[in-house]
Amino acid sequence: MDEQPVQFQREGRVPHPATLEREKRVDYEYERAGTASLFVFAEPLAG
């Protein structure tokens, strides 16, 4: 058994699209959108 907590994130602002003069601009600010725990059960010796 293994457990891993994860955090969901969404973008805080809409990215600016690329133009002929500039590349796509992305803001690194984010909003927290909740948490979850992932559980994995494995039995490798059972086949």
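Computed from the coordinates by the stated procedures, all read-outs in this text should not be read as laboratory data. These figures come from a predicted structure and were not determined experimentally. Methodologically, a virtual Cβ is constructed for each residue, glycine included, from the backbone with ideal geometry; neighbour enumeration extends over all protein chains shown.
Key figures
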read-out	value
Number of positions in the stretch 24-47 that are under 11 Å from F8 (Cα atoms) and hydrophobic (A, V, I, L, M, F, W, C)	2
Residue match in the stretch 26-43 (condition: among the polar types (S, T, N, Q) and touching a Pro at 6+ places or on another chain (Cβ under 9 Å))	yes
The stretch 26-47, residues that are in contact (Cβ under 8 Å) with a residue 12 or more places away in the chain and among the aromatic types (F, W, Y)	Y30, F39, F41
Positions within the stretch 24-47 being in a loop (DSSP other than H, G, I, E, B) and touching a Lys or Arg at 6+ places or on another chain (Cβ under 6 Å), in sequence order	D27
Selected residue [on the phi < 0 side of the Ramachandran plot and in a loop (DSSP other than H, G, I, E, B)] from E21, E3	E21
Total residues in the stretch 11-25, condition surrounded by 10 or more Cβ atoms within 10 Å (Cβ to Cβ), within 19 Å of the chain's Cα centre (by Cα) and free of Cβ contacts under 8 Å to residues at least 12 places away in the same chain	1
